[in-house]
Amino acid sequence: MHTLRDIAQLIKAELFGDPTAEIIRTRPFEAAEPGDITYAANPSYRGRLDDCRATAVIISPPAETSSRNLLVAANPKLAFARAIQALHGTVYTGQGVSPDLITGVGTVLGRQLSILARVTIGRDCEIGDRVSLYPGVVIGDRCRIGDDSVIHSNVSVYDDTRIGSRVIIHAGAVIGADGFAFVPGEDGRQVKVLQLGRVRIEDDCEIGANCAIDRAAFGETLLKGGVKLDNLIQVGHNSEIGEHTVVAALTGFSGGARVGRRCVIAGQVGTNQHITIGDGAIVAGQAGVTKNVRAGAMMAGTPAQELNSWRRSQVLYSRLPRLADRIAKLEIAAGLREKK
Amino acid sequence: MHTLRDIAQLIKAELFGDPTAEIIRTRPFEAAEPGDITYAANPSYRGRLDDCRATAVIISPPAETSSRNLLVAANPKLAFARAIQALHGTVYTGQGVSPDLITGVGTVLGRQLSILARVTIGRDCEIGDRVSLYPGVVIGDRCRIGDDSVIHSNVSVYDDTRIGSRVIIHAGAVIGADGFAFVPGEDGRQVKVLQLGRVRIEDDCEIGANCAIDRAAFGETLLKGGVKLDNLIQVGHNSEIGEHTVVAALTGFSGGARVGRRCVIAGQVGTNQHITIGDGAIVAGQAGVTKNVRAGAMMAGTPAQELNSWRRSQVLYSRLPRLADRIAKLEIAAGLREKK
Amino acid sequence: MHTLRDIAQLIKAELFGDPTAEIIRTRPFEAAEPGDITYAANPSYRGRLDDCRATAVIISPPAETSSRNLLVAANPKLAFARAIQALHGTVYTGQGVSPDLITGVGTVLGRQLSILARVTIGRDCEIGDRVSLYPGVVIGDRCRIGDDSVIHSNVSVYDDTRIGSRVIIHAGAVIGADGFAFVPGEDGRQVKVLQLGRVRIEDDCEIGANCAIDRAAFGETLLKGGVKLDNLIQVGHNSEIGEHTVVAALTGFSGGARVGRRCVIAGQVGTNQHITIGDGAIVAGQAGVTKNVRAGAMMAGTPAQELNSWRRSQVLYSRLPRLADRIAKLEIAAGLREKK
């Protein structure tokens, strides 16, 4: 339990109301009850603050008079995320190492681990402190996993993978499978290009369920610090994704794609090989990125173009039948076509 | 072995032919042999009934004179599905609980189970009667699985998941991983929004291989009774899919999507967050649903529009070079452009 | 270590330089060091051969004078792939069968196996010689796996699957789950069409991480010899993919699709059910193949059309605002519209 004063401080909000009010948990606006802190996520909630049953509501400036305790924050969504962490985040406690752990020779384990049942680790690995490995996790040879990382059930990590600290990998993800590289031989059979590189995932990344991140042909496939991947994402060999970029589900990066920092890549996006997406770019869902994208651009469509010009084309696309009618009328007026 | 009389009754078809004929199995029209029942799936098969070697053929009305035994059903595809079940469906027999089952404290197991080798179940779970768990299945804490459900190999189920009765989950699926929710902090780092909700899968759902169904931020991500998901589908946090809706492979529902009952969602469809798709709507493959869809609508394209208007635009799109030529000719006729 | 003479012979290239030079490994052009063989992958590298630190560079004809040892090959990419294999390919050595292997009755194991920990095999299977099974692999009943095949961690193989020789299946893939087939019953509930067929994967196929290849309704879902699938690919029931065809990530083939030999199918492609793609066809990324595709065609767009006409339409699509302006001007000139 926290007082509202404590919470206000933790979430960096200004409190208008009773600093001694007690807060037990967070809940969405409509479902909130006394003891809850909530967040006026929807603009329409702003006019209904008095109807809300929460003990306190996080809002954006300006403050106002209300029967509710109000927490005013420049970024209320961020403040709410922090409130959730403060009230519901759990403190890590090591659950120990399951006696059935299988490890190869030369593997070194850290302290205060939570290695659950049925985990298999290869040889010459380094597992940091306070690492959590869930059942069915398979780690290959010569892998490194940094402190405080969490790898969920049935994740497969191939040999030589580097995983940083505080990384979360969700169930079923595959890290380090061979990049997709074949050359047709003289007889039409595909000759495999052996993939000699590896995958490196830097600190604070989160990787969604059933993602596939391929090892590099040479060198590294690289997820830089703080990258967040949703589920079912494909990262081709030798791709590099910049710091704090977020990527939604079912997107695929072809080999050698370079994505900048703090980009927002929506779902089901695809890219050509070796393209570059500049820092801070935003790519809309289902876009097909066939050329380099400048920093800060907003892109949409296949092939992807600037969002504004895509929107103009898209509006006209939906009016194509009308455009065709207008052309026909002009042709009649010009005597190029007979009236129907 | 069944007589044709029995089969006709089971599949609710009218029999024209020998009620005592014996049926052993089902096979497709072209491959059928004596002892088989088959189905004139293709209209062209209707004219070739006498060539078919099957003992009986399921057709749509009207009946006709044929050397084959005929089973006339209003919905022959449905009748054939029932014939396959009648002839090839197996009766469940519990294979017992593998002695290597790992379960946490407080977990309660039902009767007549088929828990194969290398299954791991957490604490405080309730597993119903006649549940089948294949090797490598990992169930978290506080999960419930209803009677007669089947969970295939290497499925990962996170804590607190609710799975109904007669649910089938195919191999590699991940149920209950964290919803994808981050807020950029003042320093550009992504702050994780802890996901406090869970996944609920109601009775008679089927979930394809390597699907990913995320837990809710608050409350539930919900698959209602009889939902059928193909493989590699993403269901974002707090999505809700209505009864008996079918969804084809590689489709992704963003967070908070609400899909109605008896919808047909084709493959590689994507949706925006928080959109609603009305009951009975049909969405064509690769469509991008950016706005609410009315009940019964047929949608296509990105952004999705009504199928009919999409088709008109699409036809004109493929004729754009011709439209451009016509404009150029008009410009020449109007003296706005020189003749080439 | 190899001499350059040996390498030239192995990769079928003509050597211009010192045949006794010693080669230790392969590296990319920019990163190469003495002892390396590399490949002028990028045309711009051709003018910078003297800057390269590699001991030898593979180039396309014609030969030229250079301070580097040159290996001239008609297909330098193919020659480089072979050099990588020659220098970095490992010789298989059986690691034996883990004592914790679980197998059902009637299963027959080959010789010189590498069955790692925590593998589960059903009954009546045949496992060939020199097969590698990684931890967490689950093989159902009555499966066959040919010689020299490699199945990576946490792969799930359903009953009755046939896998040829020298097949590689990457982690998390699911082979043989039920095809997606339901018929709405009179009450709107979906009736499952039992899937009685199986999956057959012929020799020399490679299947990417987290792919899903469904069993056939009747008969077989078939990957012919040498098919290469990238990650996260859906192959629907009764699909057939021809010899040496390559398919990029996140593509989905609907039920009954027939893809020819030596096709190149890019990423995120979708197909309708029962379509045919002719031999040697190329389908661009994100295309939606709704009709049969002739052999050798290059297709793009949704619905897919010939690449050339798609390009023309696409260029005009991006110029639609300009076309609309031109129509408006014509209308003004024709007195059909007032000047703004």
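Every number here is computed from the coordinates shown, using simple stated rules; none is lab data. In this text the structure is predicted, and so the values were computed from the model without any measurement. Reconstructed Cβ throughout: ideal geometry from the backbone, glycine too, with neighbour counts over all protein chains shown.
Structure values in brief
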quantity	calculated
Label 7 Å beyond Cα on the Cβ vector: A:Gln85 copy-to-copy distances, nm	5.1, 5.1
Exceeding the 30 Å Cα-Cα cut-off - candidates A:Lys192/A:Lys224; A:Lys329/C:Lys291; B:Lys291/C:Lys224	A:Lys329/C:Lys291; B:Lys291/C:Lys224
B:Leu229, C:Leu4 arranged by Cβ crowding within 10 Å, fewest neighbours leading	C:Leu4, B:Leu229
Approximate shape of the range A:96-308 as ellipsoid semi-axes (Cα gyration tensor, √5λ), whole Å, largest first	32, 20, 13
Set of aspartates and glutamates with alpha-carbon distance to C:Lys12 below 17 Å, sequence-local pairs under 8 removed	A:Glu186, A:Asp187
Neighbour cut-off at most 13 other Cβ (10 Å), DSSP loop, chymotrypsin sites (Phe, Trp or Tyr not before Pro), the range B:31-104	B:Tyr92
Max mean-square fluctuation residue, GNM over chain C, Cα-Cα springs under 10 Å, options C:Ala31, C:Ala209, C:Ala257	C:Ala31
DSSP H segments from chain B that extend 30 Å or more along their own axis, Cα-based, with Kyte-Doolittle mean of 0.0 or above	none
Ranked list, fewest to most other Cβ atoms within 10 Å of each Cβ, for C:Thr90, B:Thr103, C:Thr302	C:Thr90, B:Thr103, C:Thr302
Using a 7 Å Cα-to-Cβ projection, A:Gly106 label spacings across copies, nm, ascending	4.3, 4.3
Cβ neighbours within 10 Å from other chains - mean over B:110-119	2
Number of partner chain Cβ atoms within 10 Å, mean per residue of B:65-78	1
Top of B:Gln268, B:Gln190, B:Gln305 by mean-square fluctuation, Gaussian network on chain B, Cα under 10 Å	B:Gln190
Pseudo-label separations to other copies for A:Pro61 - Cα-to-Cβ vector, 7 Å, nm	7.4, 7.4
C:Arg5 paired with B:Thr65, simple spin-label distance in nm, labels 7 Å along Cα-to-beta-carbon	8.7 nm
Alpha-carbon Debye profile of the range A:49-89, log10 I(q)/I(0) at 0.14, 0.22, 0.30 Å⁻¹	-0.31, -0.72, -1.05
Order of A:Arg215, B:Arg337 - criterion: other Cβ atoms within 10 Å of each residue's Cβ, fewest first	B:Arg337, A:Arg215
